[in-house]
Amino acid sequence: MAKALEAEAREALQRRSDEAIYARRNNAVEQERRIKESELNTEIAVEEKRRQIRETQMAADIALEEQRSGLMDKRVENERKDADSRAYTLEVTLKPVRDVDWRTLMTISQRGGDRNL
């Protein structure tokens, strides 16, 4: 009878020991899962930050290119105005001699001036 009670007590102790081991293993697995999840969340956060940085850089590059385009348009407009101004100046300067015969112009230039015009 004593052996049967001892066996029953030993089996109960063994069962509690097994349950404690099982609980520790489950706890270790759960902690490992939390660690992996935390690492994954960290990776996701890092990739999100990298994506935001890339998007910000692309937006800055686009803004810079748009600004350059605007400056080029302004430069072309200014050069066109400058060319128009020079063309007008040349036209006004040459207008008095446009209708003069070329022989007269040659004669004047050989004498050194426009004394007879």
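General observations
- Selected from GLU65, GLU32, GLU11 as most flexible by GNM, with the chain as the system and alpha-carbon contacts under 10 Å: GLU11
- Solvent accessible area, Å² - LYS74, 1.4 Å probe, full protein context: 110 Å²
- Residue-level accessible surface for LYS95, protein heavy atoms, 1.4 Å, Å²: 140 Å²
- Each pair of Cα atoms in the chain enters the Kirkwood radius, and Stokes-Einstein at 10 °C and 1.306 mPa s then converts it into a translational diffusion coefficient of 64 µm²/s.
- Within the same chain, aspartates and glutamates fewer than 8 places from LYS74 are excluded, and of the rest, those with a Cα less than 16 Å from its Cα are GLU65, GLU66, ASP82, ASP84.
- Heavy atoms of TYR88: accessible area, 1.4 Å probe, square angstrom to 10: 150 Å²
- Accessible surface, per residue, of the chain when the full set of protein chains is kept, probe 1.4 Å, Å²: 95 Å²
- Helix 102-111 and the longest principal axis of the Cα set of the chain meet at an angle near 80°.
- For the stretch 57-117, with all protein chains in place and a probe radius of 1.4 Å, 54% of the accessible heavy-atom surface sits on carbon or sulfur.
- Cα gyration tensor shape for the stretch 1-53, rounded if a/c is under 1.5, else prolate or oblate: prolate
- GNM on the chain, alpha-carbon springs under 10 angstrom: the most fluctuating residue among GLU47, GLU39, GLU19 is GLU19.
- Residue-count net charge about VAL92 - beta-carbon cut-off 14 Å; Lys, Arg +1, Asp, Glu -1: +1
- Distance in nm between pseudo-label sites at VAL76 and THR42 (7 Å out along the Cβ direction from Cα): 5.3 nm
- Acute angle (nearest 10 degrees) that the helix 2-94 long axis makes with the longest principal axis of the chain, alpha-carbon atoms: 0 degrees
The values are calculated or read from the model by the stated rules, or taken from the named source; none is laboratory data. Here the structure is a predicted model, which is why all the values come from computation and not from measurement. Using ideal geometry, Cβ is built from the backbone for each residue, glycine included, and neighbour counts are taken over all protein chains shown. Just the protein is used for accessible areas: all its heavy atoms, side chains included, with ligands, DNA and RNA removed. Shrake-Rupley method; radii C 1.70, N 1.55, O 1.52, S 1.80 Å.
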